[in-house]
Every structure is written in structure tokens, then in C-alpha cells.
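Worksheet: the structure to be examined is printed underneath.
The values are calculated or read from the model by the stated rules, or taken from the named source; none is laboratory data. Every value quoted in this text rests on a predicted model; they were computed, and no experiment measured them. All Cβ positions, even for glycine, are placed from backbone atoms using ideal geometry, and neighbour counts span all protein chains on display. Ligands, DNA and RNA are excluded from the accessible area calculation, which covers all protein heavy atoms including side chains. Shrake-Rupley method; radii C 1.70, N 1.55, O 1.52, S 1.80 Å.
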Amino acid sequence: MAHNKLFGTDGIRGVANADLSPELAFRLGFALGRFLADGQAHPRFVIGRDTRRSSTLLQAALTAGIMAAGGDALTCGVLPTPAVAFLVTELQANGGIMITASHNPPEYNGLKVFSREGFKLSDELEARIADALATEPSADSRPTGTGVGRRHDVNDAVERYLAHDIALLTGEGAGASGAGAGGAAGAEAIDGGATDARPLAGLRVAIDCGHGASGRVTPRAFQRLGAEVTAINTDYSGDDINVGCGSTCLGPLCALVQSGSFDLGLAHDGDADRLLAVDETGAVLDGDQIMALVALDLQGRGKLKGGAVVATVMSNLGFVRAMEAAGIEVLRTQVGDRYVLERMRADGLVVGGEQSGHIIFLEHNTTGDGLLSALMLARIMAKAQRPLSVLSAEVMQHYPQVLVNVAVTDREGAADNAAIAAAVAAVEAELGNEGRVLLRASGTEPLVRVMVEASDEDRAHVAVERLVAVVQAELG
């Protein structure tokens, strides 16, 4: 089934108070209070938000909609998206909503919806909800008196999430809460239950929180685990999330790492479901490289279930060849963590992710978890006692990959444009087995993404420039 246009690839997203209005947020809250109630008189919904100025506006509207439908809103304040997914199962709620536009600029916002199992909703259910949002709830459909819902503040939401992720490294109480990967209650600690209160002692870590939700969790987690932490962009004004910092702009983190004696640099996007890393030399590691390190570590410990990982069509050829050389199968999906997750669940696999740094560890959470990805990477370094630059070089050769986001007026038109198709075919023929082309419309922005991968970076740049010119001429 084609995905409905309202929800896109990762929830509802748009410019806040314009495309994404408080009226829409109210109607979504009302619809969720009815569609996800499962027969309960007062279904419960976890609500989290990132640091954007508009997040409190949308939270007020969303909460009002839930309560107007008879649901109870469990408001958790500022915290990462993976914390909402975890808390849905932890608090035995009917669903959850994260108010965030992830890596997008501050004027954007979004609504990510999770089921009672902590998973994002199916295409079919999102389509039904989208249909319901087309109309204002009628007065006779709203409960009154004791049927009206209430709001409850969850004051220990951040601490619950921190305790869960930290326990996976320390072995202290891991899985005891009954949360984890949507039914993976009781999942053991990463090292099989061994107890070590400070497994990252001595590790020197620089963290760029991007003025986003990770500022409340990642520095604290690493400090508790024994690391020496220098964190930047942990504060926020509401107008600076992702602006010149975090995983969307790695310059400040690279400069910080290069200016000091750090073993590792970490960068999150606004809602901290992604992670990119920087080694001790200032070189960047993307999601493919992080996932390769983790997959080989799990394989070496006999914990890579199914002997496979799930990646998207954006994953680097170097990642695929490195996994194949290690005897690990790579299963590809279309872009979007929802599709990675669907394949992981269908095949019973435990690791999957995207080059963008959105990595899912299905035994421990039901969506990408930037903090957990950071802890996994740091644990590998601490165990190996070798520099990250050496570890990453041993794992995979990164093929040059050039990606250009082309602003267009009709992003959907790229799929069936004959001139664009011909240009792509011509470039693919020239590259042969030494590279590939991926051209796709963004699921959330008015962009067409043009990517070329080749054994030679100059060759990739030339090919991208040719394709970008065609896209601009046809759709600009």
C-alpha cells in the first residue's frame, strides 16, 4: 500500500503553526484517543517533545485532543524520541506521540506516533487516521462529565529512560522493568549480565547535543558510566535546535575533538534518535561505519541473530562488501527507519539502520536510539582499548558517496520523469560495477535527493552535477 501523504515516512511534519497547525494536532490527539483506545474508558498516551519553540504549542493542542476523546495524557517534557517509545511499554500506555521535526530546522515540527508496543504505526492505520483528520470531531462524539480525560505529568521520565539504557552496559537491573523492544522484556545486558558500574572509565568523550533533547541524557549517561565528558550545545532557546551544530553540522564537534585529547566525539540530531561519531583525529563515522562495528562485535560474541543486518538503499557499497566478507548478509530496504524495522521484525533480526545514523537495536528498543548507539560504540572502544580510527579502518573501506539535495517544486514528479530516468540510466551505464546512482524524493521536504557512489570521488562529483542539472531543469 502506498504511504499516505499526510504522515510521510516519519510521521506528520511541516512548518509549525502553518502546515502543522494546532488544529491538526488537536484532531490527531482526538483520533488517537479513539483509534488506539482498545476498548478502555480512559486510554493513556505518552507525550514527549524536543526543544523547539513550537513544541509546547503543539503539546497543548495534542493533549487537549486526547483528553477531549476521553484519553489521559502522560506528559514527559523534553526527552528523546527513543525515550517515548520505551516509556509507552514501561508505563503500559496505549500509545505515544513525540513532538519533533528531528533533524529539520527550528521552524519545522512534527508528530511521531507509536503504538502500545512502542512501534510506529502501520501504513494502513495511518491511512485510517489521516481520513479521520479531514473533519472536525462532532460535539456528539465527545465524552462529557467523568468521560473526559486528564493530564498527568511524568516527572521521572528522563530518569526511567536513562536507567534502562545505562543498565544495558552495567548489567545492573537490565530488562527488569518489562520494557525493551516491544515484548523483549527481560532482555539481558549487552555483555550477558556482567556487572560493571563504570565500564567507560577513562574514556574521553566530546558530545554535541545540537541544542536538542539529547542534552538531558547523553552527557549524564556517559558521566555515570565513568567517562570524562565535555558537552557542547546542551542549552536551548527554542530557536537554535540543529542550527550550525549537532549531527546536521559536524564542524564544531570536529574542531573540539581536534583541539583536545579526546578518544571519541558524538553528535545527535534534535530528537536524539540518530548518532554520528568522530574519531580521535576528527574524521567522521556515519551510520554505516557504526553499524559495521556493532554487527561485527555482535557476530564475534555469537549474538547476531540470523547472521544478517538490515540497511537501506543509501548504505555505502563499502559497508555491504565488508559485511559480505565477514559472512554477514545485508538486507536492503527503501529509505526510512519504518521499513528497516519492518524487515527486522519479519526476519527476526536484531540490528538495522540507516547511513544517517538512525540505528535500531531491536532487543533493547523499538526505534532508533542515539544514546544506545553511542553507548554501544563506546563499549566496543573500551573493550578493544584501541583508537576508533584504527577500529573503523579495519572494519570497512568507505566508498566516496556524493549526495546533493535539490530544491524542487514537484518532488513527486521525479518518479516518472522520462528525462530524469534517461539521465540516471546513462550515468549507471558509465559507472558499471564501480558505482551506483540513487535518486529519490524526500519524504518530508520539497527536495529530490541525488546520490552517486563511485570508486573515485571526482567521478562521483561529475556524475552528480550532471544529474542535478537535469533535475533542476525538469522539476525546479
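At a glance:
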{"read-out": "Pairwise Cα inverse-distance average, inverted: Kirkwood Rh of segment 97-154 (Å)", "value": "14.5 Å"}
{"read-out": "Computed magnitude of the charge dipole of the chain (debye, nearest 20; Cβ of K, R +1, Cβ of D, E -1)", "value": "1000 debye"}
{"read-out": "Centre separation in Å (Cα based) which lies between segment 282-356 and segment 61-95", "value": "30 Å"}
{"read-out": "Largest to smallest accessible area among Arg151, Arg301 [probe 1.4 Å]", "value": "Arg151, Arg301"}
{"read-out": "Solvent exposure of the chain as accessible area per residue, Å², 1.4 Å probe", "value": "37 Å²"}
{"read-out": "Distance violations [Cα-Cα > 25 Å] among Lys112/Lys383; Lys120/Lys305; Lys112/Lys305", "value": "Lys112/Lys383; Lys112/Lys305"}
{"read-out": "Bins of 10 Å from zero: percent of alpha-carbon pairs in the chain", "value": "4, 20, 31, 27, 14, 4, 0"}
{"read-out": "Semi-axis lengths, Å, segment 54-175, gyration tensor of Cα atoms, sqrt of 5 times eigenvalues", "value": "27, 18, 15"}
{"read-out": "Calculated log₁₀ intensity ratio I(q)/I(0) where the Debye formula runs over C-alpha points of segment 187-251, q = 0.18, 0.25 Å⁻¹", "value": "-0.71, -0.98"}
{"read-out": "Potential lengthening between Asn405 and Asp458 on full extension [0.36 nm per residue; Cα-Cα distance subtracted]", "value": "17.3 nm"}
{"read-out": "Relative contact order (%) - criterion: Cα under 8 Å, at least six apart; region: the chain", "value": "13 percent"}
